[in-house]
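Here the structure comes first, spelled out in structure tokens, and everything after it is commentary.
Just so you know, all these numbers are worked out from the coordinates, no wet-lab data involved. Everything quoted here is computed from the prediction, not taken from an experiment. Ideal geometry is used to build each Cβ from the backbone, glycine not excepted, and the neighbour counts take in all protein chains shown.
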Ligand SMILES: Nc1ncnc2c1ncn2[C@@H]1O[C@H](COP(=O)(O)OP(=O)(O)O)[C@@H](O)[C@H]1O
Ligand SMILES: [Mg+2]
């Protein structure tokens, strides 16, 4: 009996870029412009390696080795950091920027390991192997003769903490190790075939990431909490819409930063998914939102605790 999971069982949804909604989601992410650019460039090269060769021919005609070294990096990027810091948002929407830059269609296959594969023994391993197999087949179809590609695939392995549970491989449960190995095999196989495919892994626990996985990453992007100016960008427009003055906006921005006895402030998602709704729902249904009350709510609200010391 074939028990391999089907495409629909594997991936929650499939996103195709370019897509206007994804473009907007990407644009809404604040304070990570450098990451957006780095990721777009890296993914763009996987789709279109000829671009780097053209660049080298023009600027560094003798730089064969270094250009090859760049192109031979495994197609893996790790996004790591606190919960609610924009990892999933960036991973899901960055394909839109790459699609527009390279003028190509990109399909994103997102799977989350937190909701999957924690059941039967061997399930996670099987899911990963099937997901990589699917990405491989899809990318093979898109590879064009001559090094270019008609399209590209991004496999998103989200909430990948299940792959990172132990620093010490020897302490790892046999089954966890098998999952890590399936992941590594999948990345290596895509790399060897030089397919227009990339893997983005998101984890809240970089410190516990398996060293063999980390070593393969072409890039590791660390996500932290918003600073004063990031929080101002996120809060300004919604609070202005509610009638706040500039000083009132600034007061809420300050109240959501680090405070007495706590060396961290609100996460991005604390602002968008907890604070702003709390302010609105406090006034609903028979009052308007007031700045004094909003400030009280912000001050009384605890930021989400840090997931892991040292990151975020
Ligand atoms: N850099 C950011 N700028 C603006 N909003 C953000 C940012 N990062 C996160 N958010 C908000 O937090 C929510 C959760 O982000 P998400 O990407 O799911 O976090 P993570 O995957 O890191 O846990 C987003 O939907 C968005 O509303
Ligand atoms: Mg996430």
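When each of the peptides 91-104, 49-62 is scored by the mean number of other C-beta atoms lying within 10 Å of its residues, the order from highest to lowest reads 91-104, 49-62.
Suppose the Debye formula is applied to equal point scatterers at every Cα of segment 228-300; what is log10 I(q)/I(0) at q = 0.14 Å⁻¹? Log10 of I(q)/I(0), two decimals: -0.38.
As a test, work out the antiparallel percent of DSSP beta bridges whose residues both lie in the chain, rounded to the nearest 5.
Percentage antiparallel, nearest 5: 20.
Counting Cα-Cα pairs of segment 1-158 in 10 Å increments starting at 0 gives whole-percent bin shares of 10, 35, 34, 17, 4, 0.
The angle between the Cα long axis of helix 50-59 and the main principal axis of the chain comes to about 90°, on a 0 to 90 degree scale.
Axis of helix 123-142 versus longest Cα principal axis of the chain: the two differ by about 70°, to the nearest ten degrees. The Rg/Rh ratio of the chain, with both radii computed over alpha carbons and Rh defined as the Kirkwood radius, is 1.02. Each of the peptides 153-161, 256-264, 290-298 was scored by the mean count of other Cβ atoms within 10 Å over its residues; in descending order, highest first, they stand as 153-161, 290-298, 256-264.
Between the Cα long axis of helix 291-300 and the first principal axis of the chain there is an angle of about 60°, rounded to the nearest 10.
Per residue, the chain reaches -15000 deg cm²/dmol at 222 nm when only DSSP H runs of four or more residues are counted, each adding -39500 (n - 2.57).
Peptides 33-46, 191-204 ranked from most to least packed give 191-204, 33-46, packing being the mean of other C-beta atoms within 10 angstrom over each peptide's residues.
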